[in-house]
Every structure is written in C-alpha cells, then in structure tokens.
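Since the structure comes first, as structure tokens, the remarks are kept for the end.
The values are calculated or read from the model by the stated rules, or taken from the named source; none is laboratory data. For clarity, every value in this text was computed on a predicted model and none was experimentally measured. When we count neighbours, we look across all protein chains shown, and the Cβ atoms used for this are built from the backbone with ideal geometry, even at glycine.
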Amino acid sequence: MSTLTLDSIREIAVIGAGQMGNGIVHVFAQSGYKVTMIDIAATALEKAVATITKNLDRQVAKGTIDEAAKQATLANISTSTDLAAAVAGADLVVEAATENIDLKLKIFKDLDSAAPQHCILATNTSSISITRIAAATTRPQQVIGMHFMNPVPIMKLVEIIDGYATDKHISGIIVALSRKLNKVPCVVNDYPGFIANRILMPMINEAIISLNEGVAGVEEIDTIMKLGMAHPMGPLQLADFIGLDTCLSILKVLHDGLGNPKYAPSPLLINMVQAGKLGVKSGEGFYTYTAGSKELVVSSNFKK
Ligand SMILES: NC(=O)c1ccc[n+]([C@@H]2O[C@H](COP(=O)([O-])OP(=O)(O)OC[C@H]3O[C@@H](n4cnc5c(N)ncnc54)[C@H](O)[C@@H]3O)[C@@H](O)[C@H]2O)c1
C-alpha cells in the first residue's frame, strides 16, 4: 500500500493548458501548490497564463482576493513543453489534454516512465474509462479520475472516479485534496459517463431530438428548462458551452459502453459537428456568438 499522505503532496503537474487545464492550474496555485502547466503548444501556455491572470484580476475586482494573493498565485505557476522533465518531481499529475483515447493512453504510458514512483496520476477525462487508462501504466492502483467542472475556479464539484484497481487510500487522498481546494468531492465508480455525464448527456440529447422533431424551438426549449426546472442555463445553451463535439463523443461512449439505443446521438447533433458548428468555441452552435457580446442570438439555422 502507498505511504503517500495529503501533506506529502506538494508539487503538481497539469497536462493540457486548454479551458479545463488553465482552471485546474488556477485553483491549485491559489491553494498554495507549486504547479507546472504542460502543453505541446507554447502558444496554448501563453494564452492560459493570460486567462488565469484575467480571471484573478476579476477576483481582485470583486474583492474575493487581494492583489498579494493574486501575485502569490501567479508566482506558484510555471510552464513547460517538456513533459518528462516537468513531471520528474511531481507528487500528483492531473491530465487535462484533448479528449482522445489514443492520446491519453500515450500520455499515461509516458507519465508512468517519467513521474516518480509515488506520484498519483489523475485524469480529468469526461468519459474515457479510468480502468483502461490505468492499464496503460504499471501503477493502476495510483490512477484515478479527478473530474473538475467548467469553469473550474467557480464550480464546486469534483467527481472522483475510482478505476477498477484504484487503491482506496489514494482515493481518500484525492477526496481530502479536493476539499483543500475548497471543492466538494463525490466518489463514483468507473462505468461509462460516470454519473455527471451519464445523466446530463441524455437530457441534452433529448433536447436536440425534440428540436429536430419540431416539438419546439431553441429559445422555447431552453426557457422551459430554465424557468420550469430552475436550471441556470438551458440544455441547448449548455451544449454550446461544453462543445457539440465533446457532447457527441461522450454520447458515443455511453452508447457503445452501455449498449442501450436510448443513448444514440441525435442525427442533428452529428450533422452540426460534421458542419463544424461546435458551439461557443467555433462561434456558432444552437446560438451565434459574437466576441464581446453577451446577448444570445438563436442561430439562423433554427429560426422558426
Ligand atoms: N470542456 C469541458 O466543459 C470539460 C469539462 C470537464 C472535463 N473536460 C475534459 O477535460 C479535458 C480537456 O478538455 P478542454 O475542454 O480543456 O480541451 P481544450 O481543447 O480546451 O484543451 C486541450 C489542450 O490539450 C493540449 N494537448 C493536446 N495534446 C497534448 C499532449 N500530448 N500533451 C500536452 N498537451 C496536449 C492542447 O494543445 C490543448 O491546449 C478533456 O479530457 C475533456 O473531456 C472538459
């Protein structure tokens, strides 16, 4: 059994400097951890540091942190494009690279050779099997899902996923660590979509199926779910925010993994992804997004 404790976790490495990676780096650095942010693209690292700085400025403006805390947070962050060198002293690695199984298997194989033996290897995957990722390493008992929600600095939940071989002691450390980050951890077992996406994605898919069948328009569907169910945003807007490509890939994992036709992705979702309409990140999904504007405009494809 591992002798690692919560207090022995000091150095963190985060792989991937995209929308999730920069948020994960932000919360660890703000909680006093030294964090190395790793990406294959130097430009992604520069952009991520700029985003973290902007988000910290917003916290200072709101009065939730002071300027000294902002500077201390930034001083805890370093960046690297060299994975092997950057994880050599890590006690915990959190992988938040692109959602692609082959990519993640390769990263975990590399991590297994480059990270110290005691190091815990966590993944922020939305849907890929933790057990499968763990099997790419020689330390499956130290591999775990640490599923942060977007935007990471704001959302309280961390869905912690125990793989088939994950050691309960390791799981307990990640629970305690999540609390230290001022988050609320919930531990679940490793089955397709875990809990968050197994429940969320069928709702989003049903909203898209209803739209495609002409039951109601984009605004009506979102308004009904916002005002009727007290959801902070409607399912179609949420799909745009998550990324329609990400929604499609999670639905495919649910469909393949659980073998139930109820998870089959809507043909409209498939079409939109094929057409490059990915939501906020591509500028258009169910809504059209204009830089600097917060007004929601239904995409012309869906005007009644
Ligand atoms: N977007 C969400 O709402 C959300 C929520 C929870 C979990 N996730 C999961 O988090 C992970 C990251 O998602 P994202 O939305 O931040 O993606 P993203 O596309 O914004 O960022 C991915 C980053 O990974 C980098 N990358 C790719 N290959 C790499 C490699 N070999 N080494 C280092 N970096 C590499 C890319 O350059 C990019 O900067 C995925 O597994 C996703 O499923 C996403």
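Residues that are near the ligand (Cβ under 10 Å from one of its atoms), in contact with a Pro (Cβ under 8 Å, 6 or more places away or on another chain) and not aliphatic (A, V, I, L, M): does segment 129-147 have at least one?
Scanning segment 129-147, I find no residue that is near the ligand (Cβ under 10 Å from one of its atoms), in contact with a Pro (Cβ under 8 Å, 6 or more places away or on another chain) and not aliphatic (A, V, I, L, M), so the answer is no.
Of the numbered conditions (1) among the polar types (S, T, N, Q); (2) surrounded by 13 or more Cβ atoms within 10 Å (Cβ to Cβ); (3) more than 10 Å from the ligand (Cβ to nearest atom); (4) more than 18 Å from Leu177 (Cβ to Cβ), Gln71 fails exactly one; give the number of that condition.
(2)
Taking the options Val158, Val152, Val188, Val143, name whichever one is in contact with a Lys or Arg (Cβ under 7 Å, 6 or more places away or on another chain), of a type in the set (Val, Ile, Thr) and surrounded by 14 or more Cβ atoms within 10 Å (Cβ to Cβ).
Just a single option satisfies the conditions, and that option is Val158.
Taking Ile160 and the conditions (1) away from the ligand (no atom under 14 Å from the Cβ); (2) touching a His at 6+ places or on another chain (Cβ under 8 Å), which numbered condition does it fall short on, given that it satisfies the others?
With respect to (1) away from the ligand (no atom under 14 Å from the Cβ); (2) touching a His at 6+ places or on another chain (Cβ under 8 Å), Ile160 is out only on (1).
Select the helices (runs of 4 or more DSSP H) contained entirely in segment 44-130, then report the ones holding at least 2 residues which are of a type outside the set (A, V, I, L, M) and not assigned by TED's automatic domain parsing to the domain that holds Ser249.
It comes to 67-75, 101-114.
So which of Met229, Met201 is modelled with pLDDT of 95 or more, buried (at least 18 other Cβ atoms within 10 Å of the Cβ), in the same structural domain as Leu269 (by TED's automatic domain parsing) and out of contact with any Cys (no Cβ under 6 Å at 6 or more places or on another chain)?
On the way: Met229 fails: buried (at least 18 other Cβ atoms within 10 Å of the Cβ).
Just one listed residue meets the conditions, Met201.
Being touching a residue at least 24 places away in the same chain (Cβ under 8 Å), within 11 Å of the ligand (Cβ to nearest atom) and over 23 Å from Arg198 (Cβ atoms) is true for just one of Ile77, Ile40. Which residue is that? Can you show your working first?
Details: Ile77 fails: within 11 Å of the ligand (Cβ to nearest atom).
It is Ile40.
Of all residues in segment 12-37, which are in contact with a strand residue (DSSP E or B) (Cβ under 9 Å, 6 or more places away or on another chain), touching a residue at least 60 places away in the same chain (Cβ under 8 Å), more than 10 Å from the ligand (Cβ to nearest atom) and of a type in the set (Gly, Ala, Ser)?
The answer is Ala13, and nothing else.
Filtering segment 136-154 down to residues that are of a type in the set (A, V, I, L, M), outside any strand (DSSP E or B) and in contact (Cβ under 8 Å) with a residue 24 or more places away in the chain, which residue is nearest to Asp112 (Cα to Cα)?
The extreme case among them is Ala136.
Assess whether Ile9 counts as being more than 16 Å from the ligand (Cβ to nearest atom), among the hydrophobic types (A, V, I, L, M, F, W, C) and surrounded by 14 or more Cβ atoms within 10 Å (Cβ to Cβ).
Here the answer is yes, as Ile9 does meet what is asked.
Is there a residue in segment 105-117 that is within 30 Å of Thr73 (Cβ to Cβ), in contact with a Gly (Cβ under 8 Å, 6 or more places away or on another chain) and in contact (Cβ under 8 Å) with a residue 12 or more places away in the chain?
Scanning segment 105-117, I find at least one residue that is within 30 Å of Thr73 (Cβ to Cβ), in contact with a Gly (Cβ under 8 Å, 6 or more places away or on another chain) and in contact (Cβ under 8 Å) with a residue 12 or more places away in the chain, so the answer is yes.
Any idea how many residues of segment 207-259 are charged (D, E, K, R) and out of contact with any helix residue (DSSP H, G or I) (no Cβ under 8 Å at 6 or more places or on another chain)? Full working, then the answer.
Taking segment 207-259 first, the residues charged (D, E, K, R) are 213, 219-220, 222, 226, 240, 245, 252, 256.
Within this subset, residues satisfying the condition of being out of contact with any helix residue (DSSP H, G or I) (no Cβ under 8 Å at 6 or more places or on another chain) are 213, 219-220, 226, 252, 256.
Number of matching residues: 6.
Restricting segment 82-99 to residues that are within 8 Å of the ligand (Cβ to nearest atom) and not hydrophobic (A, V, I, L, M, F, W, C), which is surrounded by the fewest Cβ atoms within 10 Å (Cβ to Cβ)?
Start the filter on segment 82-99 by keeping residues that are within 8 Å of the ligand (Cβ to nearest atom), which leaves 83, 95-99.
Now narrow it down to the ones that are not hydrophobic (A, V, I, L, M, F, W, C): 95, 98-99.
Numbers: Glu95: 24, Thr98: 11, Glu99: 20.
Checking each candidate, the answer is Thr98.
One line per residue, one yes/no per condition, for (1) surrounded by 19 or more Cβ atoms within 10 Å (Cβ to Cβ); (2) over 16 Å from Val25 (Cβ atoms):
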{"position": "Ala42", "(1), (2)": "no, no"}
{"position": "Val49", "(1), (2)": "no, no"}
{"position": "Val60", "(1), (2)": "no, yes"}
{"position": "Ile107", "(1), (2)": "yes, yes"}
{"position": "Asp110", "(1), (2)": "no, yes"}
{"position": "Ser113", "(1), (2)": "no, yes"}
{"position": "Pro116", "(1), (2)": "no, yes"}
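For segment 192-214, check the following and say yes or no: at least one residue is without any contact (Cβ under 8 Å) to a residue 60 or more places away in the chain, at positive phi and of a type outside the set (A, V, I, L, M).
Yes, some residue in segment 192-214 is without any contact (Cβ under 8 Å) to a residue 60 or more places away in the chain, at positive phi and of a type outside the set (A, V, I, L, M).
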